[in-house]
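The values are calculated or read from the model by the stated rules, or taken from the named source; none is laboratory data. Note that the coordinates shown come from a computational prediction; the quantities given were computed from them, not determined experimentally. Backbone-built Cβ (ideal geometry, glycine too); neighbour counts: all protein chains shown.
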Amino acid sequence: MSFVNYHSKEVNCKIVYYGPGLGGKTTNIQHVYKKTSGDSKGKMVSLNTDNERTIFFDFLPLDLGEIRGFRTRFHLYTVPGQVFYESSRKLILRGVDGIVFVADSQVERMEDNVASLKSLIDNLEDHGYDVSTIPLIMQWNKRDLPNIVSVEEMSNILNKYDSPEFSAQAVSGEGVFETLKMASKLVLMNLKSGI
Amino acid sequence: MSSEKIVEYLSCEISNYLEDIENNISLDHDIFVCRKDGVCLFKELSENVNAQTVGALVAGMWQAAESVNSINTISVNEYMLQFSTSQQGVMVYPLYLEDEIFLLTTLFGEELNPGKLKNSCRKLRDQLVNNYTDYQQMRPKEISNEKKKQEFLFSNISDKEIDQLFSFAGS
Ligand SMILES: Nc1nc2c(ncn2[C@@H]2O[C@H](COP(=O)(O)OP(=O)(O)OP(=O)(O)O)[C@@H](O)[C@H]2O)c(=O)[nH]1
Ligand SMILES: [Mg+2]
């Protein structure tokens, strides 16, 4: 649930990176963090295990400056992808304004992509969201690896809502900002005004 | 959405209760109020404490604790959350305003009497709840819009505007 403060002219929005374990969600926002400079740079918080698997969430606040007179703040979260953490994933989706689904392009990971997408849809419905109207961006990550599914096929299998989609290679940063910019645009355009 | 009203209420009123001898409240630690999703509504924090970080963590902690506890049937009203030694730590009390929970958080260090501090936090919470109705009545009435229109805040954002927002990324 975004927060538009008309007095201080501020908007706060929440974007969640969702997807299967090891798909590259944390890597996405780490790249954003690395590239962020100056006043926009908030502190990145990672709640993870010793081997860097997300255990609850990563959090990165981004202060993006003004759009049409409103100061814009985005809160980026990742969920833990491991199946075990389903209840945590559900908690983090609460109040979400937009979602980036990070899919792992490797052939052997397709089943996990499908299962994770199903969990996303179920959790959103449980929170009372209309999945077809919430801003959702699909990212086909790890395009650099050898044994990957074609973009067309990924799209056929996973892009059920005709969402904008991007190929990415989060380790090198390719596609990371394209994905986030589109998510931000859709989220901002989805904000309701009126008191 | 009531958050904006709550921000106004807290920024006007909370400081009146931080030192309230009559009610035995004495709080000179970091105080923070956020929504359940972590968005900060009020802060009186030391310079090195980042409000957005505290918000995300406190909200996560609260929600996780709430889920752990959901097997119980005790009213949520009774809960508070505390993680502390005998000297330092964090306390969170739920603050119910406008049928919503907000998280009233105190971060403390070098506290000689955490028991007393806890009492102060609880009383502060109670004061904030009790005085909200009075505050509402005293506040100038909003001009009621006959039609409560829900429109989009921004329409047709251009790619250029988005690029500007992300200019920090040097893309
Ligand atoms: N080759 C390659 N490796 C990647 C890419 N993106 C991420 N990785 C690697 O994949 C591994 C997992 O990445 P994470 O970002 O931690 O994955 P995650 O989705 O956050 O995983 P969980 O926290 O368990 O849900 C890391 O070793 C990354 O370096 C990519 O585009 N290409
Ligand atoms: Mg992760």
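Residues A:132, A:167, A:163: which one is more than 14 Å from chain B (Cβ to nearest Cβ) and modelled with pLDDT under 95? Even if it seems obvious, please write down each step before you answer.
Numbers: A:167 fails: modelled with pLDDT under 95; A:163 fails: modelled with pLDDT under 95.
When all the criteria are applied, what remains is A:132.
Within the stretch B:7-26, can you find the residues that are part of a strand (DSSP E or B) and without any contact (Cβ under 8 Å) to a residue 60 or more places away in the chain? Before you say what the answer is, go through the steps one by one.
The first filter runs over the stretch B:7-26 and keeps only residues part of a strand (DSSP E or B), leaving B:19-20, B:25-26.
The answer is B:19, and nothing else.
When the stretch A:168-188 is examined, which residues are found to be without any contact (Cβ under 8 Å) to a residue 40 or more places away in the chain and surrounded by fewer than 18 Cβ atoms within 10 Å (Cβ to Cβ)?
Of everything in the stretch A:168-188, those that are without any contact (Cβ under 8 Å) to a residue 40 or more places away in the chain and surrounded by fewer than 18 Cβ atoms within 10 Å (Cβ to Cβ) turn out to be A:172, A:174, A:178.
Please tell me if residue A:120 is of a type in the set (A, V, I, L, M, F, W, C) and more than 14 Å from ligand 1 (Cβ to nearest atom). Can you show your working first?
Working: of a type in the set (A, V, I, L, M, F, W, C): yes; more than 14 Å from ligand 1 (Cβ to nearest atom): no.
No, not satisfied.
Taking the stretch B:84-114 only, how many residues are without any contact (Cβ under 8 Å) to a residue 12 or more places away in the chain and in contact with a strand residue (DSSP E or B) (Cβ under 8 Å, 6 or more places away or on another chain)? I'd like the intermediate steps shown before the answer.
Of the residues in the stretch B:84-114, the ones without any contact (Cβ under 8 Å) to a residue 12 or more places away in the chain are B:85, B:99, B:113.
Those left that are additionally in contact with a strand residue (DSSP E or B) (Cβ under 8 Å, 6 or more places away or on another chain): none.
Residues meeting the conditions: 0.
Quick one: which strands (runs of 3 or more DSSP E) lie wholly within the stretch A:18-112 and hold at least 1 residues that are surrounded by fewer than 20 Cβ atoms within 10 Å (Cβ to Cβ) and more than 9 Å from ligand 1 (Cβ to nearest atom)?
Working: elements: A:45-48, A:54-67, A:70-78, A:98-104.
Where strands (runs of 3 or more DSSP E) fall fully within the stretch A:18-112 and carry at least 1 residues being surrounded by fewer than 20 Cβ atoms within 10 Å (Cβ to Cβ) and more than 9 Å from ligand 1 (Cβ to nearest atom), they are A:45-48, A:54-67, A:70-78.
Has the stretch A:82-104 got at least one residue that is of a type in the set (Phe, Trp, Tyr) and either within 14 Å of chain B (Cβ to nearest Cβ) or in contact with a Pro (Cβ under 7 Å, 6 or more places away or on another chain) (or both)? Give the derivation first.
Going residue by residue through the stretch A:82-104, those that are of a type in the set (Phe, Trp, Tyr) are A:84-85, A:101.
Applying the additional criterion that residues be either within 14 Å of chain B (Cβ to nearest Cβ) or in contact with a Pro (Cβ under 7 Å, 6 or more places away or on another chain) (or both) yields A:85.
So far as the stretch A:82-104 goes, yes, one or more of its residues are of a type in the set (Phe, Trp, Tyr) and either within 14 Å of chain B (Cβ to nearest Cβ) or in contact with a Pro (Cβ under 7 Å, 6 or more places away or on another chain) (or both).
Taking residue B:9 as the residue in question, decide whether it is surrounded by fewer than 21 Cβ atoms within 10 Å (Cβ to Cβ) and more than 10 Å from the chain's Cα centre (by Cα). If you could, list the steps in order and put the result at the bottom.
Details: surrounded by fewer than 21 Cβ atoms within 10 Å (Cβ to Cβ): no; more than 10 Å from the chain's Cα centre (by Cα): yes.
So residue B:9 does not fit the description; no.
Can we say residue A:175 is within 12 Å of ligand 1 (Cβ to nearest atom) and either at positive phi or not aliphatic (A, V, I, L, M) (or both)? First the steps, then the outcome.
Working: within 12 Å of ligand 1 (Cβ to nearest atom): yes; either at positive phi or not aliphatic (A, V, I, L, M) (or both): yes.
In short, yes.
Determine whether residue A:14 is in contact (Cβ under 8 Å) with a residue 12 or more places away in the chain, facing another protein chain (nearest Cβ under 7 Å), surrounded by 17 or more Cβ atoms within 10 Å (Cβ to Cβ) and away from ligand 1 (no atom under 16 Å from the Cβ). Break it down into steps so the answer makes sense when it comes.
On the way: in contact (Cβ under 8 Å) with a residue 12 or more places away in the chain: yes; facing another protein chain (nearest Cβ under 7 Å): yes; surrounded by 17 or more Cβ atoms within 10 Å (Cβ to Cβ): yes; away from ligand 1 (no atom under 16 Å from the Cβ): yes.
So residue A:14 passes the test.
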